[in-house]
1. Tally Lys and Arg at +1 and Asp and Glu at -1 over the other residues with C-beta under 15 Å from the C-beta of Met1: what net charge comes out?
2. How much length, in nm to one decimal, is gained on full extension between Asp12 and Leu49, taken as 0.36 nm per residue of separation minus their Cα-Cα distance?
3. Sorted from fewest to most neighbouring beta carbons within 10 Å, what does the list Arg66, Arg26, Arg35 look like?
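What follows draws every value from the coordinates through simple rules; no lab data is involved. If you're wondering where the values come from, they're calculated on a predicted model, not measured in any experiment. Cβ coordinates were reconstructed from backbone atoms using ideal geometry, including for glycine residues, and neighbour counts include every protein chain displayed.
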Amino acid sequence: MNTDAMLDEIRDANLTYLMLAQALIRKDRAQALFRLGLSEEVADLVAGLTAAQILKIAASNMLMCRFRFDDEVVWSLLTGHGKSRDGTNSADIAGVHAAILMSGHLARAA
């Protein structure tokens, strides 16, 4: 992938992310804060962005979204590599456990 193509991909990802974030914040603020890992202040800023501002920010050469956690346990749970106590894989339990761990990360960051 050449540099121009990579910058186009970043712009598209930024635009999609910002539009999704703004829609989530406007629809259900509390859920958006949890799902996106945003602070109240950042949510206020994103919710108030105009279409022109979103396009300008999206055109940046920096990716606006990032991985919210660097915990190997969370990644293991999300990818299904975790095992339950009886040794069986349980995607439903792993997903719930991952959500609990991620909400703890969010609470500590607030």
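1. Cβ neighbours under 15 Å give a net charge of -3.
2. Values: separation 37, 0.36 × 37 = 13.32 nm, distance 1.71 nm.
Working it through step by step, the gained length comes to 11.6 nm.
3. Details: Arg66 7, Arg26 12, Arg35 16.
The order, fewest Cβ neighbours first, is Arg66, Arg26, Arg35.
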